[in-house]
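Let me begin by presenting the structure, written as structure tokens, before commenting on it.
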């Protein structure tokens, strides 16, 4: 089971490749070099090990094609994905259109999110973090004490 946590600062090389930190690589399923990138709901990218993406794929693709909202979700979700290979140096090549979507040029922040990793422009990432601990506490209470 994959279990990604923490934050990691990194940089893209001149060709748009990102070296995954060793702690992230250690959590990837054994021998799994294929990853799926997806445009996030926020201006970030999501990285899934293929085994984890298959679970999400099954849920989204299982929605009825006869429902207009489901079709819109499927169309937008699946058109914003790309499969990438982890090379021998532990790098992935991020497509240019995805870098543009997330506003990433060189500096990146990787954030472990359990079964997936988010890739952010560091400035955008800070805008999406809750700055007030009391607000975070209320949010946790609202969703975890049900």
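The values are calculated or read from the model by the stated rules, or taken from the named source; none is laboratory data. This is a predicted model, so every value here is computed, not measured. Cβ sites come from the backbone with ideal geometry, for glycine too, and all protein chains shown count toward neighbours.
Data table
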| read-out | value |
| --- | --- |
| Failed item in (1) loosely packed, with under 10 Cβ neighbours inside 10 Å; (2) closer than 25 Å to residue 25 by Cα, with residue 85 passing the rest | (1) |
| Test: residue 109 is surrounded by 11 or more Cβ atoms within 10 Å (Cβ to Cβ), modelled with pLDDT of 95 or more and not in a strand (DSSP E or B) | no |
| Any pair with Cβ under 9 angstrom, 6 or more apart, that starts in segment 109-125 at a residue that is at positive phi and ends at one that is assigned to a strand (DSSP E or B) | 114/4 |
| Test: residue in segment 78-89 that is free of Cβ contacts under 8 Å to residues at least 24 places away in the same chain and in contact with a helix residue (DSSP H, G or I) (Cβ under 9 Å, 6 or more places away or on another chain) | yes |
| Segment 61-102: number of residues that are more than 17 Å from residue 50 (Cβ to Cβ) and out of contact with any strand residue (DSSP E or B) (no Cβ under 6 Å at 6 or more places or on another chain) | 22 |
| Scope segment 90-103; condition over 18 Å from residue 22 (Cβ atoms) and touching a helix residue (DSSP H, G or I) at 6+ places or on another chain (Cβ under 7 Å); matching residues | 103 |
| Residue in segment 86-96 that is in a helix (DSSP H, G or I), at negative phi and modelled with pLDDT of 95 or more present | yes |
| Out of 7, 52, sole residue that is farther than 18 Å from residue 95 by Cβ and loosely packed, with under 15 Cβ neighbours inside 10 Å | 7 |
